[in-house]
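Here's the structure we're looking at; comments come further down.
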Amino acid sequence: MKYAKYLCVAMLLVFATVLSGCGSSAQKETRTVAVCFPNTTPSWQRNGDSLQKLLEEDGFEVNIQFSATVDEQKQQIKDSIAKKPNCMVIGAIDSSALSDVLEDAKKRNIPVIAFDRIIMNTDALSYYASFDNYAIGDGMGEYIAAALNLKNGGGPYNIEFFAGGPSDNNAHIFFENTMKILEPYLKSGQLVCRSGQVTFDKVAVADWNSANAAPRINELLNNYYTDAPLQVVLSPNDDIAGVILGEIEKAGKPYPIISGLDGDPAAFERIKQGKQTFTIGKDPDVLTAKCVRMIKAVVEGVQPDINDVTNYNNGVKVVPSFLCTPMIIDKTNVNAIAGN
Ligand code: BGC
């Protein structure tokens with residue numbers, strides 16, 4: 001009888017241990033996603049907020065970090081890998097600077113998804129979720145060509161070019177594709193670049209930092225446009241367009257036809273006010289929804305939806321990608337998209 005009592009107590013203890021064991025394995029099963037983004041432009045914060053919200057709604061634990069410099073981002077990635085998340089999502093500050101740090105992710109079998117910007121020279125990258133960057137470059141060139149009626153002989157118009165940060169692969173794709181469309185018109189004389197600065201290295205805005213665009217637009221205005229109008233500006237995104245337009249305004253000059261990218265709320269306002277001509281909208285909810293589907297598939301070990309297996313070679317492999325469709329937004333549709 002006495003022994004039976006001890007046996008009962010012992011069984012209860014075993015039961016309790018098993019239960020607490022269950023508790024800890026249930027805890028281990030909480031799936032975590034580490035997100036490392038730049039904090040350099042407003043669009044990254046929007047993307048981060050949207051991604052975090054959707055992942056949390058799906059029961060993921062999200063560890064999201066933003067960084068201003070490559071070194072800070074590398075440290076954040078190292079710290080994240082050490083916590084062994086189920087998946088990592090990275091918006092690279094420098095597309096080519098992460099191969100070393102990602103070696104460890106590969107060793108630990110942590111799948112890595114590149115968000116918006118591809119990560120170069122690494123086979124640690126599993127997938128790429130972005131917008132169609134080639135279509136963005138084409139879209140900018142085609143909009144400008146149509147607005148100036150260049151196909152039908154329009155011009156001559158004075159144009160100046162700006163491009164994104166050299167350390168971002170997207171910046172090169174955007175610029176090259178836009179230039180493929182506009183270069184013939186520079187040759188024909190329908191577009192005139194008075195500064196002669198038409199190559200990526202001459203027109204890139206370091207780190208996509210919009211503050212870096214201010215001195216250059218002022219230099220251009222002072223050196224080449226005191227006796228002639230600057231009629232067209234290629235701006236690689238909305239943040240930079242805002243700074244360029246601000247400086248043009250301060251100089252008391254008329255607004256040029258000017259491009260943008262991202263669909264920043266501030267750009268919608270400028271389009272409504274007739275200051276910015278158009279933007280190419282990259283709806284954060286569209287990309288993050290696709291990215292979340294990709295994360296879920298990767299975590300469950302199944303093949304995610306991809307729609308491109310040819311265009312994004314990162315120097316080591318062709319990265320399977322899902323590319324969302326960007327949208328041109330100008331005065332004709334801005335109210336419908338952004339509200340009044
Ligand atoms: C993105 C743009 C963004 C820029 C600056 C690029 O890689 O594609 O949407 O405006 O980075 O953050």
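Here are a few things to note about the model shown:
- Per residue, in Å², the accessible surface of the chain once ligands and nucleic acids are set aside, probe 1.4 Å: 47 Å²
- Helix axis angle, 133-147 relative to the chain longest principal axis, alpha carbon, degrees: 30 degrees
- With every protein chain in place, the chain: carbon and sulfur % of accessible area (1.4 Å): 53 percent
- Calculated FRET value between Ala289 and Glu61, using beta carbons and R₀ = 22 Å, to 0.05: 0.70
- The residue list Pro229, Tyr312, Ile280 was ranked by how far each Cα lies along the charge dipole of the chain toward its positive end, using unit charges on Cβ atoms, and Tyr312 comes out on top.
- Normalised radius of gyration (Cα atoms, divided by 2.2 N^0.38 Å) for segment 199-286: 1.07.
- When each of Lys282/Lys331; Lys290/Lys317; Lys84/Lys290; Lys107/Lys282; Lys253/Lys331; Lys180/Lys272 is checked by Cα-Cα distance, pairs over 26 Å: Lys107/Lys282; Lys180/Lys272
- Positive-end residue of Tyr134, Ile118, Leu245, charge dipole of the chain with Cβ unit charges: Ile118
- For the chain, the spherically averaged projection of the C-alpha convex hull amounts to 21.9 nm².
- Degrees between helix 284-300 axis and first principal axis of the chain (Cα, 0 to 90, nearest 10): 30 degrees
- The relative contact order of segment 229-334 comes to 23 percent, based on Cα pairs under 8 Å that sit 6 or more residues apart.
- About its Cα centre, segment 241-340 has a charge dipole of approximately 160 debye under the convention of +1 per Lys or Arg Cβ and -1 per Asp or Glu Cβ, with nothing else charged.
- Hydrodynamic radius of segment 40-99 per Kirkwood, over alpha carbon pairs, in Å: 12.5 Å
- Summing Cβ point charges (Lys, Arg +1; Asp, Glu -1) relative to the Cα centre of the chain gives a dipole of roughly 780 debye.
- Eligible aspartates and glutamates near Lys74 by straight Cα distance, threshold 19 Å, same-chain separation 8 or greater: Asp94, Asp100, Glu103, Asp104, Asp116, Asp123, Asp168, Asp207
- Helix 42-57 axis, angle to the chain major axis (alpha carbon atoms, nearest 10°): 30 degrees
- Bridging of Lys202 to aspartates and glutamates at a Cα separation below 12 Å is possible for Glu160, once same-chain residues fewer than 8 apart are set aside.
- The mean sequence distance of close C-alpha pairs (under 8 Å, at least 6 residues apart), as a share of the length of the chain, puts its relative contact order at 17 percent.
- Cα shape, segment 21-154, gyration tensor, a/c 1.5 rule: prolate
- Beta bridges by DSSP in the chain, antiparallel share as percent, to the nearest 5: 15 percent
- When the Cα gyration tensor is reduced to axis lengths a ≥ b ≥ c, the ratio a/c is 1.5 or higher for segment 255-336, and with a/b above b/c it is classed as prolate.
The values are calculated or read from the model by the stated rules, or taken from the named source; none is laboratory data. Keep in mind it's a predicted model, so treat the numbers as computed, not measured. Counting neighbours? That spans all protein chains shown, and the Cβs are built from the backbone with ideal geometry, glycine included. Just the protein is used for accessible areas: all its heavy atoms, side chains included, with ligands, DNA and RNA removed. Shrake-Rupley method; radii C 1.70, N 1.55, O 1.52, S 1.80 Å.
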